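Below you'll find the structure, written out as structure tokens, and then a few comments.
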Amino acid sequence: MMRKILPADRATEAQKVMRKPQRWQATALAAATAVLMGVSSFDAQALALGRLNVLSALGEPLRAEIDIPDINAEEAASLKAGVASAEAFKAAGLDYNLTISNLQIALMRRPDGRMYLRLSSDRAVNDPFLDLILEANWSSGRIVRDYTLLFDPPSLRQRAAPVAPTAPQISAQPAPRSASPTPPAYLPPASSATPRAPVARATRPVPAPRPQASGDGKQVTVQAGDTAGKIAADNKPASISLDQMLVALLRANPDAFIQGNINRLKSGAVLDVPTAEQASAISTGEARQTLVAQSKDFNDFRRKLAEGAPTTQVASADRAAGGKVQARVEEKKATTATPDKLTLSKGAVQAKAQEEKIAKERQAKEASTRVAELSKNISELSRIGGASSAAGTPSA
């Protein structure tokens, strides 16, 4: 009977032992699930880089700002942002511009308490488009994001600045964007030297076309110096990003761009301004990818032009330099071959020798004169001495 009970007891003990790993596995699974939930909740609240605003114009040192929608004190204290390496640009298929090699990035706070990154550089930007890959590291995370910066010529920014007082006439748009949409209304006479004259704006129905910035059937004629970025910024609705408006403008007017590139806008072309519905149909990600590809194609085009242009200039410079070098060498040989200074020095030596001869003759004459005077004095003294001796003899 005891032998029959022992296997049962051992089986019960074995079952208890087998249950312990199951409980441990369940506990480990619960702990792993909790860790994953904690990580996912942490990532949901992680720091993010927001929209980038370009503040500088073409040909000026880079100035831009990147909004940071949500950041806590710990993240702000440990945040370090910088430009990615050239290898990262190459891996992403983007051009690494030397303008951003010394880019300075600082975390700043606005008067309303919101944080942002201030980007600045002492080098002037000479490209209308600039690719940027930004890396941000803090104590508990890391984020990498790429941006495409658009730069308008300074003249366009100067023409857009005086229109700021007309912003209250457009209540549907925010203040920063309401200043820029106005220039196309008076763009044709902008070549004159008085774009700030209030009379010129008053005589034209400026406020009338502005509400139609996203309306149907509006057209804009491209003037000399206009860019697609400027036209898109002037006519985009408040709810549409600049990237979306640029791509929508390109797709609505494919014949107005040389080889379909947004950077090669034809002067004099008549553009159909896309509506808000047309622009919103393009996602921000698709618009960004399109502009990055367009920027890369345009940079390749400019690089080919640059590679072809300097070759003839260098050749002509070499030929001109060769002629000048030969002429200078001949002049140097001529100057070293003519011993003019030696001839002059001989004359000077002869004149000096003649002067020395005259001086010596003069000294000899003076010496002979002195010798004669001394001889005369000696003879007189001897005569006086002889007379005195003769006079002393009789008295003795």
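The values are calculated or read from the model by the stated rules, or taken from the named source; none is laboratory data. The structure displayed is predicted, hence computed values, not measured ones. Because the Cβ atoms are built from the backbone with ideal geometry, glycine has one as well, and the counts that use them run over all protein chains shown.
Tabulated values for the structure
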| item | result |
| --- | --- |
| Residue within region 88-99 that is in a strand (DSSP E or B), surrounded by 12 or more Cβ atoms within 10 Å (Cβ to Cβ) and out of contact with any Gly (no Cβ under 8 Å at 6 or more places or on another chain) present | no |
| In region 120-146, the residues that are among the hydroxyl-bearing types (Ser, Thr, Tyr) and either in the same structural domain as Phe298 (by TED's automatic domain parsing) or modelled with pLDDT under 90 (or both) | Ser139, Ser140 |
| One residue from Leu107, Leu132 being in contact with a helix residue (DSSP H, G or I) (Cβ under 8 Å, 6 or more places away or on another chain), under 29 Å from Asp234 (Cα atoms) and not in a loop (DSSP other than H, G, I, E, B) | Leu132 |
| Selection within region 260-280 - in contact (Cβ under 8 Å) with a residue 40 or more places away in the chain and of a type in the set (S, T, N, Q) | Asn261, Asn263, Ser267, Thr275, Ser280 |
| Region 93-109, subset of a type outside the set (A, V, I, L, M, F, W, C) and free of Cβ contacts under 8 Å to residues at least 40 places away in the same chain, residue nearest to Asn137 (Cα to Cα) | Gln104 |
| Matching residues in region 66-80 - criterion: being closer than 17 Å to Asp146 by Cβ and either among the polar types (S, T, N, Q) or surrounded by fewer than 19 Cβ atoms within 10 Å (Cβ to Cβ) (or both) | Asp67 |
